[in-house]
Structures are given as structure tokens and as C-alpha cells.
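Here is the structure we will look at, set down as C-alpha cells.
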Amino acid sequence: MTAQPWRGVAAEQRDEDSAAAALLRSRSRRLLGDLLAGSRGRVALTFALIAIASLAALAGPWLVGIGIDRGIPPLSRDGDTGPLLAVTAAFAVTVVVQAIATRSYIYSMGRLGERVVLDLRKRLFAHFQLMSVSFHDDYTSGRVISRQTSDVDAISALFEDGLDSLVSAVLSLLLVGAGMLLLDWPLGLVVLAGFGPLVWLTAWFRQESAIAYRRGRESIALVIVQFVETMTGIRAVQAFRRQRRNDEIFGELNSGYYDASLRSFRLVAVYAPAITLVGNVITGVVLFYGGLRVIDGDIKVGVLVTFLLYLRRFFDPLQDLAQFYNSFQAAGAALEKISGVLAEPPSVPSPASSVRLPDRSGGGRSVRFAGVTFGYRAESVIDGLDLELPAGQTTALVGTTGAGKTTVARLLARFYDPDEGRVLLDGVDLRDLDDPALRAEVVMITQENFLFSGTIADNIRLGKPTADRAEIESAGRAIGADEFITSLPGGYDADVGKRGGRLSAGQRQLVSFARAFLAAPAVLILDEATSLLDIPAERMVQRALRTMLGERTALIIAHRLSTVEIADRVIVLDGGRIVQDGPPGRLLAASDGRYARMHQSWQSGLA
Amino acid sequence: MTFRGVAISLQSVPPERSRGQARLPAQETSAAALRRIGPYLRPYLPQLAVMLTAALVGVAAQLAIPLLIKSVIDGAIAHDRRGLLIALGLAAIGLGTAEAVSNLIRRWVQGSAVTAIEKTIRGDLYAHMQRLHPGFHDSWQSGQLLSRATTDLSAIRRFAGFGIIFFITSVLTFAAVVILLIRLNWWLGLLTGCVFAPVVVVCTRFERRYRVLSRRAQDQQGDLATYIEEAAAGIRVLKALGRRREAGRRHAEGAAGIYRTQVDKARMLGSFYALLDLMPNAVIGMILLLGAFAVGWHELTLGGLVAFITLALQLVWPIEAMGYILASGQEAATAAQRIFELFDTVPAITDGPPAGETATGSAPEAAATPEIPETPETPETLETPETPETPGSPGSPGSPGSSLAGARTSQATGGTQLAFARVAFGYPGADGNVLRDITLSLEPGKTLVLAGATGSGKTTLLQLVPRLADVTAGSIRLDGTDIRDLPLDVLRARVACAFEEPTLFSASVRENVAFGAPEAPSEDIAAALAAAQAEFAYDLPWGLDTRIGEQGMSLSGGQRQRIALARAILSRPDVLLLDDPLSAVDVQTEARATRALARVLTHTTALVVAHRPSTVLLGDTVALLDGGVIAAVGTHSELMASVPAYRDLMTMSDEPGDAKNEPLPRIRAG
Ligand SMILES: Nc1ncnc2c1ncn2[C@@H]1O[C@H](COP(=O)(O)OP(=O)(O)OP(=O)(O)O)[C@@H](O)[C@H]1O
Ligand SMILES: Nc1ncnc2c1ncn2[C@@H]1O[C@H](COP(=O)(O)OP(=O)(O)OP(=O)(O)O)[C@@H](O)[C@H]1O
Ligand SMILES: [Mg+2]
Ligand SMILES: [Mg+2]
């Protein structure tokens, strides 16, 4: 998979290892059992219905045989229709029973399956939401999406058209086998001899197709990543005439998927006819040997007919199985990957027993970084950081690009846990707080402002889900976004379009900012939250901040030193270490200091 | 075809597409939708022929077996002929082998044809999608597009794989069986055939109702996929705001909708399959009863009756297959509609007329150094100062920018003129134009800075140049040629841009920088990285081969922006468009980048959006965009002196009235 140099090298290759197949299977079995645990009753009911339908279906050929042996002779001998009518009536009953049972089990299985799928969807979504940012960093959203779409669909498809046929095939095999042995055991043994090749064939098929399907799912995930990335970045793609190169890349990925699915098609192409062959050979043998036994008077013709009819019931479901083994394997492979993801523990785990934060005295909380070291990869980005932010203080974090400012912010928002040291909120290690408690206290506005499709009001409400309309509008007003919002058709109910595409970049940033304003948490982190605004808009935002921050603790990251104006304290970060720390005035006075030089560059830029 | 025209026709369908309500009216019949897959099947006609032949051989072998059974009962058993029994047994095995082999052939051929077809359609779809104008993508969720390229395509594959062959063979099997039955016993055969007829009616009714549900399910799945995708892409925002529960709730709503539809589908399928079981079994019962009388009346032999029953059982398969075909055909038809709905969307932005008079050649390289006649009638030429106010010294030899600048000297004599003539633009669906009557001219090699408040239309104006959207009125000219008359590739080879939000891809740094020119030599990449102050890339764990995460998420904000900047200047465009290119870098890096950029810009015509005075310094002239019109044009100092709106936009200090709110005046004091 690394044969694609354009992809570049990443720290971790997350492609699942197919050698661990056995382990994976037991893991997915556990998941399935877990998913079904709540609906044991329905499972039992469904199985019972399938059993009834199968039994009713098996009664048919048996009754036909009886009809031939016991119904026809009296009829042709002395016109006695009684036995024939009785058999036919019994036949009619089985037909009706079968129809009713079939209808019920399909519906019941459908409901059962859809429950499981619904449950699975919810679990997966919740799990991905719970997983840490570092997980998402290298799992990539393409995989996240394909786990939740194509993989779940595969499982849904299994329930829709595969599982009932699997169950009824197995039941038919057992029942028909038993029935044949009961009717005439020598002939029955001949049929059961066919089992040997069947078992061998099926074992081979299972093994091969497990590999093939896993490859298939992996390659489709790559296709999806490429597809989504291209469509999301369509402007860059077109502006840079990337289409042809993309066609090449996509062609390569698409071919990978093609190879994988071709392989699985071919496996079925061999397996299904092989089953047919076994069935047909046995039919020939039964015809011959059964005929002999009839001639010898060991059995009646009706029994032979029942056998011949049963043979169809014996091998046809197996045919179906080959047909549905596709969906079966696909679902198995999908389940493997899903169970793998679900088994992955969050690298930012919830505490076993969470600690309650002390009650908030003022509006803010104190924050302390104690000997924090952290790196995304091998080398550390933050190196032994010690930092205390008293409650209510507004601190500006500045420094060259790539210095680690965003990383500090992420550690405080517990996107990541430090490799060494601790981050404390009012003296409590973030690792001891459960997620909702932390999120209620610490809110970050990220450098990437991301809007969801929906209205402006919906997007602002993300800051505080319980907010009513008036609160949302007053947040908009406070930061000076009101003017542009009300000028949009629909105002606060205007649709922002896909990822906020109908707004300008600055407008998107204002909307993101309004979220923070609405959330008004104890600790607010703003990462370049005004970088895209024009100067007057930035001024508005700062005025709003000044009133809002009041007693709250704030960490403001900014390149535009104008933002620093509202800070009580400035920290200059370089290479993950603090190089200067103090009130802005004092830092400015140290004229050869880092901050003073930055400020100078900035001033000269204003000329 | 103008952008507007298409935009309007698009609009009648989607603007609320994202909300996931009713979509296309289901006006196209399933058959018509399926027929459109035809062209994709055509190259595989020989394979189809092989498949069909194999299928027919298989069916024939299958149908012969009941006749063998008849001979066994009526011939061998009735007359005690063991030799005949052996022969018949061997014949049955022979026929059975023939059936298996023909099945093998059919499936093998089918596998390659069907997967190849799926691959082709998916490739075509992707190619088509990435050539559709960005306006289209704005109105379509990529989840919807994705579900068409995956789920819908597999529905088509399933149908193309089994449906067509099954359809033909099942119809033929049905006919053949009925004929054989009639030959065994005419009235019983005829009766059997007639009893099966109503099944077709049942199937058709089922088809209609199932179709509605399956369409609904597909739409719901697409919408859920969209949300899943958004939640995955916006995971950091959701986490930062702690909105896990709300997101979960919104997802659960969508999932519950799918659940309800799927359960409805299961209910309908249950009744349908039960009927499909009931019908043939009832017929068998009838045959048993009536056939027994026929045997009693000596109209039918015992073997004939058995053959009749086994043959009639062969009718079950075609009928069941019809059910499957109808269901999957329905699904495939729906899927085909959804896919062709995309194929039917024509790119609203296409190459200019192919005539050779506009460009010197079709290859972008050839057009990158055009000899263009001095531009005639350009409206209102700007007076640009003789000496550009470029900050810093003009690059010492060997300094980062120089190799880029040097490489362009061949062109230095020419340079490209960019002119906007009474340009207006409005977004489809929004009322009124965002830009009105924009008239500007950029002389070759000059840099124009575009300033304006948030939402004033700067980005919108920029995107008109590479034709990511087309002007609603007026024209944009490159060296006097309307850009709509240039082939898109030529235009976009000459124009490069850096967007305000860097759009990066999960590939290596090298691939991202060489995004538009995959064959770019390493020296060019190095020069571009140097000019964009992006040398940090060499320090990444695998240097330029490091894969930057999705959207470049494993880089810092400023690092992303500089990679995007390097990407824009790499291809040495004639016209460079920079949308606030340094908004995410610190002041010192900004100062260095500004100096390096100024060197790059000396020979390139550039349009730069700026929010800060520091970026304004990149330009020779400044145009102030206010409420969608050009309010003023001049040098920075001229505008500062004479245009209050501009002064307000570019001044850091608060208004005098604000001074008392200012707690920290010391900053400006320093
Ligand atoms: N998810 C990640 N995986 C790996 N490396 C990362 C990741 N995020 C950031 N880095 C690296 O960590 C370093 C610090 O990044 P950070 O985002 O904290 O910088 P920053 O100070 O916020 O810079 P900027 O001002 O440009 O936003 C950078 O060198 C960056 O490449
Ligand atoms: N796809 C769209 N559909 C409808 N309206 C849009 C669309 N994109 C932008 N707009 C509107 O057009 C106006 C101009 O947007 P544009 O992005 O050009 O502003 P801008 O000058 O670049 O602002 P900023 O400085 O914030 O980047 C805004 O009011 C915005 O709401
Ligand atoms: Mg940052
Ligand atoms: Mg913009």
C-alpha cells in the first residue's frame, strides 16, 4: 500500500493485519452477541418462525410421496378419492402455514436486523465522537466515514437478504438429512456422502473469501478518501488543474478495488458451480440406486419421488448460500473492522472515578501546566512547560509559527494528554475529570473555523445547546456579526451552505466566535479567532471580549498584536518553551527582548 | 451556456438539497433509467452473449433431468430394466456436470464484466464530478455524491451482474417449462401456466410500492452519510465545544429515520416473499390432486406425474428470480437515476471555443509564454507609480526568491495584463449581486492590492479570474482576451491562487506543493518553499515525503498557509492571486515572507487581498472594495490621506471616542 509515493510517509500504518484473522473473528462474534443481547426474545421467535417455515416446506415433498403411494392406487383401483383428498388437504394446510411463517420471519428478521444496525450506527458514531483527536489525526475521516457507511450497509444488507437464508439453509440441511435417513437409511447415506466434498469446499471458500473481502473493504476505503477529499477541495483541484493527475490516482485506487472485488467474484464463480456439481452427481446416483431399490421392492416409488424432491431442498439452499455468502462475508469483514474500531480504547480515556471540581467562586478557574512535555511524533513539541494562569487572568500567547501555541491550547482542552507532567484545572488533573465536566468549563475556538450545514442560528447554538433565540441574537449583536447576518436573506435562519460555504471567511470566523461568546465558559481558549477579520471587525470583537471576559480565565493566541491589547499578560513561546513572560508593558520595555522585537516588526508593518 | 442559466436550472432542484427532502420527481420510468446503463454494457456484449449461452445450456440441462426421472419411473422401474437404469443414471450425471460447467463459465465471465463496468462508471463519475463547476459542489453535499459513487453503484453492479441474465433465463425457463408441461398433459399444463400468470400482477404492484421506499432509504442514507462526514471533518470543533451529545442526538434522528424505512421495507418484502412461496406451492397441491385424477383416467403416467411435479417446481425459480430481479431492478433503476442525475449536470464552466485564434497552442506550457499583441481597449487604466514601493532590498543574489524570479526573465519583457470590465457577479440563489460594475486594470508585472471589509466580495472577485465561477455580466480579460474564450487548462495554467483557507490533501508535502504540476523539478519546489518561507518542511520526520494529515491537520496553521502559498507560486503563473496569504503567520515570518514575495511578484501580475497594512505593502496600487463596488483606487498613502473609509479599515487605533475604554494604552506608547 506504500507503493504510492505521492501519498507520502506517515507515522502509523493503520491497515489491519489479515494474519490476525482468527482473533478478529472472535472479537466480531462478541460484538454481534453483544448487539443481539437485548433482543434474545426476538431472536428466538425469528428462529422458531424459520423452523416452522422450514418444517412446513419439508412436509410438502413428503406429502407428495404419500399421495403417490397411498392416494393414487385407491383412486385408480376403485375410484376412492378419500385418501387423495386427505393428503391434498394436509398439503394445503402446510402451504398456508409456510406462507404465514415466511411472512412473519422475514419481517421479524428485518426488524431484528435493523435494530442491530441502528444500534451499531449509534455506537459507532458515539465511539468516534469519543475517540481522541490523535486517533482521528491518523485514522482519517475517510475511514471514519466508510466504517459508518459502507461497512454498516454491508451488515444491513446481510440482514436484509442473507441471514434468513443462512439460517433456513442450515435448518433445511439438518431436517432434510434427518428426514431422508428416516425414510430410507441406505439411500439417505448415499446422499449424506455428498457432505464430505461440501464441507471441504465450504471451508476453502470461507478462508479465501475472508481474505478477499477484507481486501475489498480496505481498498474501497481508500477510494472513498480520495473521492471525499477531491470533492471537498474542489476549488483547489480545479484552480490547479489537478483533474488529470487525480484521474490517474483515482484510477489506481479504483483498480485496486476492482482487483479485490474481481477476486471475490471469481471465488463465488468456482464455489457455487462446485456445489451444483456435487448435488447433480448425487441426484444421478440416487436416481440409479433408488431405482434399483424400487425394482428390488425395498422402497416404493413415492419414497424415491420424495427423495428426489428433497434433494432440491438439500442443495438449493446451499446455492442460495453461495449467492449470499457475498453479503455474509462482506458483513463479516465489515464487522471485523467495526469491532476493531470499537475495541480501540480512547487514548484520552475517561477517568475510572472522576473528581468533582471545586465550586466556582468567581467567573473563572485557574489553570496550571506542571512540567508538561508533549510531542505528536517522536520529537517533543512542548518541552517541560511550567505555566500558571490564575483565575480571571487574560493571557496572550504569542510566538513564531510552529512554536507550539496551538499545541498548548489543545493540551488545555484535553485533545491530547501530555507525555509527561500534568495539566491542572483548579488543581484537578484534567485526566481525573470526566468529559462533560471538562467541556462545560473549558471551551476552545479552534484555528480552523468549521461550520456545519444548517442555519446560522444552528451554528451559533452549538456554543450552548439550550440557548434560545434571543440569546443567540444578542451574542451575534455583541460581537458585531448582527449587521451581516440580518442582511442575509433569512437572517439568522439563513442556510450557511455546505461547511459554511455561503459565508465569507471572515463571516465564518465571526459565527465561530459567536459560539464562544454564547458558551461563556470558565476558561476560554481563542486560537487565532480573529485572524481573518478586517480591522474594524476585530475591534468590535475585542470590545465584546473585554466585557465578556471579565472574571473568566482566557488564553488568547494571536499573531496580530492588536489582540494582545486586551491581555493582562503576554507569554512568548518558542520551540515549545517559554522565552518571555510578563505584562505587555514590561515586555515592551525590555527593548532587545523577543516581544519588543515582534512588536517593532508589527508596528513597522502598520506604517 | 452561461453560468447563470445553468445556475437557475440547478436551482429549481436543490437549493435546499442539503436538508434532505424530496428530490427529483420520479418521472423517469425504471426501464428508461436502466436503459441508460446500456452504453456501459455495450463493450461487454460478447461477454453477455457467452453468459447467455452458458445460462441457456445450464437451463436446458436442468430441464432435461425431470424427463430422465420420467424415463426412470415409466421405463426402467415399470419394466425392470436395470441396464437402462445405469444409462439414465450416467446421463443424469453427465447433464449435471454440463450444468455445473456452464454455471462456472457464466459466473466467471460475469465477474470480470460486472466489476469492470462498475470500475468504469465510478471512474467516469469521479472524472465528471471533478470537472463540474464549484457552484455545483456548493449545493451538493459530498455525502450525497459519495453514496452515489458507492452504494448506488453497487446496486447497479448487482443488477447488471445477475438481473439481466436472470431476467432472460427466467423468462425462457418459464416458457420452456410451460411448453414441456403442456406436452405432458395439455389441460393440466395450460392450467398451471394460467395460475402462475397473476403472480406478474402481484410483482408489478410490489415493484411500484417498493420503489418509493427504496428511494427514500437511499436518500436518508445519503443524508446520514453527509452528517457523518461533517461530524468526522468537524470533530475538532465538536470536541472543542464539547458537543458530543448533541451531535449524537442529531445523528440518532437520521439513523432512526433509516430504521423506520428499512422496517417498512422488510414488512413489504415479507408479504411479497410469502406470496411468492404460496403461489407455486398451491399449484403443486393442485397438480397433485388433479394429476392423480389424470393418472386415474390414464391420461398421464405415474412417471409423467412425477416429472410434472418436478418440472412445475422448476417454475418456482423463475418466479422467485423475477421477484429478486424486480427488487434489485428497482433499486438499480433508482440508483441509475441518481447517478445519471449527476452525469446529466453539464459543467457550467467550460473551455472557450476551440478556435486557434485565442491561444497559441493547446498545451498549457505553450500558452504559458504567449506572444500577445499589446492590449487594446482596456477600460480605465490605472496609473501606477513608476517605482513600485516594494519593501526591503531587491533580493541579493542566491537569496530564496531569486531563482524563481530569475527563471521568469525570459518572460520579463512580456508580462500579462489583467483587466476587469464592468464585471458583476451574483451567487445563484442569493438575491442581488455581490459584485457590481467592477472595472480594474492590472498592468503587466504590477501588483494590485484589494482591500475591503469582511464580506465585501474580495474572495468572490478573485475566484472569477480562474473561472471557478463565471461573471454574471461584464468580462475579465487576460491580455485583451476574454477569459471565457480561453481553454480552461490554458487559463488555469496562467493563473494560480492561494486561497484564504489553505486546502491541502492527505498526501506528501511534495505532492501538495507540486499539486498543479506533478512533474515539477525539485529545484522549483525548493525555490517555491523558500519563497513562501516554508523551509520547515525539510525538518518534518520524512522531509518532503512526510504525509501531512487530512486537510494538512498535522501542520500548524501557519505552516499550512505557507505550503499553500508555495503551491501557488511554484508554477510561476503569469497571474498570481493571493487571498490574504499571510493571515496565519507571525509578524516576523510575515515580514520575511513579504520581502520574498515581493521579489516573486516583480514580474508577475498579481492581485492580493489584504486585511492588514503589512500585506498592503506588497502592492503597487490599492483598490478599495466597498459593498461590491470599487470605491477608490490609489496608492496606500493616497488612500490613507483622502479616503476616510480606507483609513478606518486600515487603522489599528480605536476611534477617539473609544479611548477611554482602552485599558492598555502602553502598547502604542512603546
Ligand atoms: N497533529 C499533528 N501531528 C503531528 N505534528 C503536529 C500536529 N499538529 C502540529 N504539529 C507540529 O507541531 C508543531 C507545533 O504546532 P502548533 O500547531 O502548536 O504551532 P502554532 O504555534 O500553533 O503555529 P501557528 O502559529 O502556525 O498556528 C509544528 O511543527 C507542527 O508541524
Ligand atoms: N456561495 C455563496 N453563496 C451565496 N452567497 C455567498 C457565497 N459565498 C459568499 N457569499 C456572500 O458574498 C459576500 C462576499 O463574500 P466574499 O467571500 O467574497 O467576501 P470577502 O470580501 O472575501 O470577505 P472576507 O474578508 O471575510 O474573506 C458575503 O456577503 C457572502 O455572504
Ligand atoms: Mg496554531
Ligand atoms: Mg475572503
Revision key, fill the gap. Counting only residues 5 or more apart in sequence or on a different chain, those whose built amide H sits under 5 Å from that of A:Val579 are A:Val572, A:Leu573, A:Asp574
**Study point:** Mean separation of Cα contacts under 8 Å, 6 or more apart, over the residue count of region B:58-186: relative contact order %
**Key:** 28 percent
Practice item. Go through region A:353-461 and name the GluC sites (Glu not before Pro) that are in a DSSP coil and have 16 or fewer other Cβ atoms within 10 Å of their Cβ. Key: A:Glu379
Point to revise | Projected label distance in nm at B:Ala78 and B:Ala256, using a 7 Å step from Cα toward the beta-carbon | key: 6.8 nm
Point to revise | Estimated [θ] at 222 nm from DSSP helical runs (n ≥ 4, -39500 (n - 2.57)) normalised by residues in chain A, nearest 500 | key: -21000 deg cm²/dmol
Study note, to complete from the structure: Taking A:36-43, B:638-645 and ranking on average Cβ neighbours within 10 Å, highest first, one gets B:638-645, A:36-43
Study note, to complete from the structure: In nm, the gap between the two label points placed 7 Å beyond Cα toward Cβ at A:Asp298 and B:Ser271 is 5.0 nm
**Study point:** Taking B:Tyr538, B:Tyr40 and counting other C-beta atoms within 10 Å, the order from fewest to most
**Key:** B:Tyr538, B:Tyr40
Check your understanding: For the residues A:Arg27, B:Arg592, what sequence is obtained by ranking on other C-beta atoms within 10 Å, fewest first?
Key -> B:Arg592, A:Arg27
Review point. Here are some pairs, A:Lys464/A:Lys498; A:Lys464/B:Lys265; A:Lys337/A:Lys464; which of them have Cα atoms lying more than 31 Å apart in this structure?
Key: A:Lys464/B:Lys265; A:Lys337/A:Lys464
Practice item. List every residue whose amide H lies under 5 Å from the amide H of A:Leu555, counting only residues 5 or more places away in sequence or on a different chain, with H placed 1.01 Å from N in the peptide plane. Key: A:Thr395, A:Leu524, A:Ile525, A:Leu526
Exercise for review: Return the average number of partner chain Cβ atoms within 10 angstrom of each residue Cβ along peptide B:509-515.
Suggested key: 4
Check your understanding: Considering every residue in B:111-117, what mean count of other chain Cβ atoms within 10 Å of its Cβ is obtained?
Key -> 4
Exercise for review: Hey, for a label at B:Leu41 modelled as a point 7 Å past Cα toward Cβ, could you say which residues of region B:96-117 have their backbone N under 19 Å away?
Suggested key: B:106-117
Check your understanding: Got a sec? How would A:Lys300, A:Lys122, B:Lys70 order by Cβ neighbour count within 10 Å, fewest to most?
Key -> A:Lys122, A:Lys300, B:Lys70
Practice item. Output the antiparallel fraction of DSSP beta bridges having both residues in the protein assembly as shown, as a percent to the nearest 5. Key: 50 percent
Check your understanding: For chain A, what does the equivalent ellipsoid look like in terms of its semi-axes, each the square root of 5 times an eigenvalue of the Cα gyration tensor, given largest first in whole Å?
Key -> 70, 25, 22
Practice item. Give the percent of DSSP beta bridges with both residues in region A:367-606 that are antiparallel, rounded to the nearest 5. Key: 50 percent
Review point. Over chain A, what is the mean sequence separation of C-alpha contacts under 8 Å (at least six apart), divided by residue count, expressed as relative contact order in percent?
Key: 14 percent
Point to revise | Amide H partners (placed H, <5 Å) of B:Ser441, local residues excluded | key: B:Leu382, B:Phe420
Review point. To the nearest whole number, what is the average tally of beta carbon atoms from other chains within 10 Å of the beta carbons of peptide A:563-571?
Key: 2
Practice item. Can you figure out the FRET efficiency of B:Thr350 with A:Ser487, using R₀ = 45 Å and their beta-carbon distance, to the nearest 0.05? Key: 0.85
Exercise for review: Loop only per DSSP, at most 13 neighbouring Cβ atoms within 10 Å: give me the chymotrypsin sites (Phe, Trp or Tyr not before Pro) in region B:246-300, ordered by residue number.
Suggested key: B:Trp297
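Throughout, read-outs are computed from the coordinates displayed, never taken from laboratory work. Values in this document were obtained by computation on a predicted structure and should not be read as measured data. Counting neighbours? That spans all protein chains shown, and the Cβs are built from the backbone with ideal geometry, glycine included.
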